[in-house]
1. If a residue must be surrounded by fewer than 22 Cβ atoms within 10 Å (Cβ to Cβ) and touching a residue at least 12 places away in the same chain (Cβ under 8 Å), how many such residues does the range 365-388 contain?
2. Exactly one condition in (1) surrounded by fewer than 24 Cβ atoms within 10 Å (Cβ to Cβ); (2) not in a helix (DSSP H, G or I) is false for Pro73; which is it?
3. In the list Asp64, Asp57, which residue meets the criterion of being acidic (Asp, Glu), surrounded by 20 or more Cβ atoms within 10 Å (Cβ to Cβ) and under 25 Å from Ala432 (Cα atoms)?
4. Tally the residues that are crowded, with 24+ Cβ neighbours inside 10 Å and modelled with pLDDT of 95 or more, restricting the search to the range 276-290.
5. Considering only residues that are under 18 Å from Ala35 (Cα atoms), of a type in the set (Gly, Ala, Ser) and part of a loop (DSSP other than H, G, I, E, B), which ones fall in the range 136-166?
6. Scan the range 394-439 residue by residue and report those that are of a type in the set (Gly, Ala, Ser), crowded, with 22+ Cβ neighbours inside 10 Å and part of a loop (DSSP other than H, G, I, E, B).
7. Output yes when any residue across the range 478-497 is modelled with pLDDT of 90 or more and within 30 Å of Arg257 (Cα to Cα), and no when none is.
Amino acid sequence: MKLRGSEIVVSALEDAGARFTFGIPGTHNIELYDALDESSVLPVLVTDEQGASFMADGVSRSSDTVGVVNVVPGAGVTHCLSGVAEAFMDNVPIVVLACGIRRDSTKAFQLHDIDQAALLAPITKAVLRPKTAAEIYPLVRQALDLARSGAPGPVAVEIPADFYMLTQDVDELAYAPTPADPPRASAAELDAAADLLNHARRPILYLGAGARGAGGHLVELADRLGAPVATTIQGKGVFPETHPLWMWCGLGASTPRFVRAIESDCDAMLAIGCRFSEVGTASYGFTPPANLVHVDIDQHALNRNFPARIAVRADAAAFVRGLVPLLAPRETGTTPWKEQIASGQRDVREAWAKDTSDARVTPAAFFAALERLAPEAIYTTDSGNGTFLAMEHLRLDGPGRFLAPVDYSCMGYAVPAAVGAKLANPGRDVIALAGDGALLMTGLETLTAAQYEAAPLVCVLRDGELAQIAQFQRTALDRDTCSVLPPYSVEHFAATTGAAYLKLGADAEIDRVLRAGFERTRQGRVVMVEVAIDYSRKTYFTRGVMTTNFWRLPLAERLRMLARAVTRRLR
């Protein structure tokens, strides 16, 4: 049969269950956009290709659909690289349709001609390049499967422009997936892990995003062990945060005192679906006990940052299902943990409640209202204080609700990721927590949201500076350099993109303003809320990172930094 390559790609996307592509059309891929216009896959026009990759990321993190980026060669690819790198480092499955230059021409110096495969290779699981039209369909299908499999991540497919434009002779559109069962723990590995945990006096659970597939079995595991539970930032919500054994997102120096006290009394750790990354551990601010059982689907994560007594490459769900029956129930010893956790959580809430402001918006009151008014909401955050405030204040009972740029920590994530999440979950409230610096990078994607009637509530955390960096600078250097923003009007920004505007200036206004915001977003109107957030109290995370890094310095450097800070304060 005769088909254009563009039609073949669309058939592959439809058959694989893709729902959206994100990008900007150009001369090289207009045939693909033409074919998408008659398909069940919605092509979304973005304002910048960086937004395209963040939107695809938001789709993938918040749903069972893989987000697809659809870009022209050269500039389209380079513009989307930040979002691709974020997906790569955060293990998020997306597919990049990276259109290539024409291969049916022998001419040099073609438009957009760069070695984009070389750019994509280090930040993708694979770059696939069909040599013939017959390979297009199976390679696109393979890309979508590969993105999901094993340790998830982005996959790129570079299809030359001439394949899109010209009619191709193709016998059939066929794809024979290679069955690949996820790795499973052996009986010996399960027995060894169970033996270590059964003989531990007080084990602790540490769960990352890779544990998501284990679902409710994680609760059964914690109850059987009677073990306190901490998660990574990306793992927020994989274990219900209202459960009496859940403690905190994080361990060590970046946590409240009660978490550190419990952690110090534990003699074994079962870590599942985590890599002990720099951000996830608040700059490696804790060391697991020697009796560490580390389970991850990615072999490269095991024994990389911390040596494990037992390292198991396995799918989290299969491992937990196999382990639970081998564990001896611990009825005794569970209640003290629960009481200590409940008391610690209560102390934290009381401390937050005392730290109020008449002139600005208190984070504890703000996040409590968001949870109360939108109990099933999906949150997207940006690199910096917004992520850590939300991580510490929100209590989420399920995965896929906290979408944050963590290991690549790319600014500008919140707004476009919220657009992708809202498109994939039209019946859910989606809340973007955007810093006022990050809004300047990708905030124009609220225009995209308005165009496609994907209406998140965009909360602009407004303090006039790059807050996380400014806090670091003032503490260590007693000055801020290039971290104070030029003034701009959020109200005018909202008007430019067609979003409604609301101003939230103090705690007394929180319920009224947020109710009005949700009323409009639920009617399909994008709303931008300017929140005069009070950043005066540093998060546990920020204090922990600063403390950890300070004491890691050589003594001479610590003395130099202290002397400089004191001298500058006396000037």
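The values are calculated or read from the model by the stated rules, or taken from the named source; none is laboratory data. These numbers come from a predicted model, not from an experiment. Note that each Cβ is placed from the backbone with ideal geometry, even for glycine, and that neighbours are counted across all protein chains shown.
1. Adding up the residues that qualify gives 9.
2. Evaluating Pro73 over (1) surrounded by fewer than 24 Cβ atoms within 10 Å (Cβ to Cβ); (2) not in a helix (DSSP H, G or I) leaves (1) as the failure.
3. After ruling out the rest, the residue left standing is Asp57.
4. Here the count works out to 1.
5. Matches in the range 136-166: none.
6. Matches in the range 394-439: Ala404, Gly412.
7. No: zero hits.
Here's the yes/no breakdown for (1) farther than 30 Å from Arg321 by Cα; (2) modelled with pLDDT under 95; (3) among the aliphatic types (A, V, I, L, M):
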site	(1), (2), (3)
Lys131	yes, yes, no
Glu135	yes, yes, no
Asp145	no, no, no
Asp181	no, yes, no
Asp191	no, no, no
Leu196	no, no, yes
Leu207	no, no, yes
